[in-house]
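Following: one structure in structure tokens, then a few remarks.
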Amino acid sequence: METNAHLEDAALIGERQAAARALMSRPLLAQRTHPVEFSLVRAHAEWLVQRFQRVLGYRLTVADDHARLVKRGLVDEVVSPTGRATGVRFTPRTHTYLALALAVLVEGTGPTTARTLAAKVRSAAREAGIDADPARGLGERRAYCAALSHLVGLGVLAETSGTVRAHQADPAADASLTPDTEALRSVAAHLPRAGDTPDSFLADAADPDPESDQAGEVALRRLLAETAVVYREHLSDRQRDRLAAHQWRAAAALGNLLGCDTEIRAEGVALVMPDEAAATPRFPSDDPVGHTALALVRHLSGRLHPGRPATSVPVPDRELTTALEILGGSDAPVRADWARTAGPEIPDPERLSALVLELLTGLGLLTGGPGAWELTAAAARFGADADERVPLIQDNDEDSRTHPTQPRGSGQDETEGGAAPQADPRGDLDRVASVLQAVANEKVSATSGDTGDDRGPRNNSG
């Protein structure tokens, strides 16, 4: 039987890109917790090491039982808050126990137990001048066990007998734990130096606007790969010009590495992953929070649609709270439908609203806060369908669209009453013609196979 070389190549490329996406979503990938993804990384380690370094400047280390992708150059974009399985963020106390447990475990050489480890953590805390004792009450033990559960979830600490959860409920329950010392040493990728302060440590880790063209292009690729949408309006002048000139080259390089598509619009650029449904958090989703969030996004997109290109549009607080009450409040008909299913827990109306806003702000579909909420342009990709049950909050035009204030990035500078504050100070949308010309020029090199990794004669970047 003859083999099809084209299909073999396509399968090989698909495996490499799936492995790269797995590392981007889980920078510490353990064989114990993700055996399928780790086997792909091991099989294509050499290619992945080279491509991550050349395209994003990330360092990848592949060991016998784990892989660690060390990201750099971004802080807010790549660092998500550490939290419990329920989604609740770690408290400072839990972070303290996580650091102390890591400090003890990386020096260990064999199996231990939850109670033995707690004693060592207490001793390490005393040596460091920290008031922490896992045996001192339920609150301390919960924080300590949350830290251990996080390490178990990462695959660097195994429960061989009993569970950490059981020890949290009963201090007499002593779970047997087996640490993976090498993987534990990879949990903290960037350790602070002795003279670092929190501000200096974060400042050294981030450089969003490098001076050199080569470093600037790498920074743009990182930004595109790590954020849902990159809006031109939010970039510095130098980075906006680089994006306009090299956006198709960046799209080709990231598409080759991650197997993603790229949407390039006047407002900004977004990557669309082929396995987007497996992303965390999942959106859209069928649980009450995801259902309400999707309905809210569609309603606001239909009700507040500016009718012209805009990076974002303001959302009146009253419009937002009224819509949340109609869509998921105590009298919402959908609550009865949720109650008839064997689905997840249904949050009370106040908590549901908070979870919906947290989800949408985390996804970048809503920005700001009370009194300054804004719906971003990316929200329109999920549809625009105003819910007629939500009463109109402001005067509407003949198209039934609400225009609370001038949308950001609309390009309009004047109103009937005189000169309004300039919504687009850099003239982003007025320069669409030049952007499209740059797109036309760069698209030729992108479609011809230029992934942007080699230094070209037209510029000094890579």
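The values are calculated or read from the model by the stated rules, or taken from the named source; none is laboratory data. Computed from a predicted model, the values in this text were never measured in an experiment. Neighbour counts are summed over all protein chains in view; Cβ atoms, including those assigned to glycine, are modelled from backbone coordinates with ideal geometry.
Structure values in brief
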{"read-out": "Filter result for the condition that a residue is in contact with a Leu (Cβ under 9 Å, 6 or more places away or on another chain) and at positive phi, over Gly129, Gly108, Gly155, Gly137", "value": "Gly155"}
{"read-out": "Single match in Arg136, Arg141 (criterion: free of Cβ contacts under 8 Å to residues at least 60 places away in the same chain, part of a loop (DSSP other than H, G, I, E, B) and not assigned by TED's automatic domain parsing to the domain that holds Leu359)", "value": "Arg136"}
{"read-out": "Subset tally (residues that are under 26 Å from the mean Cα position of the chain (by Cα), among the acidic types (Asp, Glu) and more than 24 Å from Gly369 (Cα to Cα)) for region 299-355", "value": "1"}
{"read-out": "Hits in region 300-319 (condition: closer than 23 Å to Gly268 by Cβ, touching a helix residue (DSSP H, G or I) at 6+ places or on another chain (Cβ under 9 Å) and assigned to a helix (DSSP H, G or I))", "value": "Leu300, Ser301, Arg303"}
{"read-out": "Boolean, Arg32 is surrounded by fewer than 19 Cβ atoms within 10 Å (Cβ to Cβ), of a type in the set (D, E, K, R), out of contact with any Leu (no Cβ under 7 Å at 6 or more places or on another chain) and part of a helix (DSSP H, G or I)", "value": "no"}
{"read-out": "Residue tally, condition in a helix (DSSP H, G or I) and free of Cβ contacts under 8 Å to residues at least 60 places away in the same chain, over region 326-342", "value": "7"}
{"read-out": "Close pairs from region 106-126: first farther than 17 Å from Thr94 by Cα, partner at pLDDT below 90 and of a type in the set (Val, Ile, Thr), Cβ under 6 Å, at least 6 apart", "value": "none"}
{"read-out": "Sole residue being of a type in the set (Lys, Arg) and within 30 Å of Thr112 (Cα to Cα), chosen from Arg242, Arg193", "value": "Arg193"}
{"read-out": "Which listed residue is at pLDDT 85 or above and either within 28 Å of Ser25 (Cα to Cα) or not in a helix (DSSP H, G or I) (or both), from Glu345, Glu358", "value": "Glu358"}
{"read-out": "Any pair with Cβ under 8 angstrom, 6 or more apart, that starts in region 45-58 at a residue that is at positive phi and ends at one that is in a helix (DSSP H, G or I)", "value": "Gly57/Val218; Gly57/Arg222"}
{"read-out": "Filter result (in a helix (DSSP H, G or I) and under 14 Å from Arg21 (Cα atoms)) within region 43-70", "value": "Ala45, Trp47, Leu48, Val49, Arg51, Phe52, Val55, Leu56"}
{"read-out": "Whichever residue in region 245-268 is of a type in the set (A, V, I, L, M) and modelled with pLDDT under 90 and, among such residues, is surrounded by the most Cβ atoms within 10 Å (Cβ to Cβ)", "value": "Ala245"}
{"read-out": "Odd one out for Thr292 among (1) surrounded by fewer than 18 Cβ atoms within 10 Å (Cβ to Cβ); (2) not in a loop (DSSP other than H, G, I, E, B)", "value": "(1)"}
{"read-out": "Any hit, region 325-339, residues being in contact with a helix residue (DSSP H, G or I) (Cβ under 8 Å, 6 or more places away or on another chain), under 30 Å from Arg222 (Cβ atoms) and at pLDDT 80 or above", "value": "no"}
{"read-out": "Helices (runs of 4 or more DSSP H) (entirely within region 144-254) containing at least 3 residues that are of a type in the set (D, E, K, R)", "value": "213-226"}
{"read-out": "Tally of residues being of a type in the set (D, E, K, R) and touching a residue at least 12 places away in the same chain (Cβ under 8 Å) across region 349-376", "value": "1"}
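Yes/no per residue for (1) outside the structural domain of Ala10 (by TED's automatic domain parsing); (2) in contact with a Phe, Trp or Tyr (Cβ under 8 Å, 6 or more places away or on another chain); (3) of a type outside the set (D, E, K, R):
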{"site": "Leu224", "(1), (2), (3)": "yes, no, yes"}
{"site": "Thr227", "(1), (2), (3)": "yes, no, yes"}
{"site": "Tyr231", "(1), (2), (3)": "yes, no, yes"}
{"site": "Leu235", "(1), (2), (3)": "yes, no, yes"}
{"site": "Gln247", "(1), (2), (3)": "yes, no, yes"}
{"site": "Ala250", "(1), (2), (3)": "yes, no, yes"}
{"site": "Leu257", "(1), (2), (3)": "yes, yes, yes"}
{"site": "Glu267", "(1), (2), (3)": "yes, yes, no"}
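To keep it simple, each residue is scored yes or no on (1) without any contact (Cβ under 8 Å) to a residue 12 or more places away in the chain; (2) within 30 Å of Val356 (Cα to Cα); (3) basic (Lys, Arg).
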residue: Leu184; (1), (2), (3): no, no, no
residue: Pro198; (1), (2), (3): yes, no, no
residue: Glu226; (1), (2), (3): no, yes, no
residue: Gln247; (1), (2), (3): no, no, no
residue: Val269; (1), (2), (3): no, yes, no
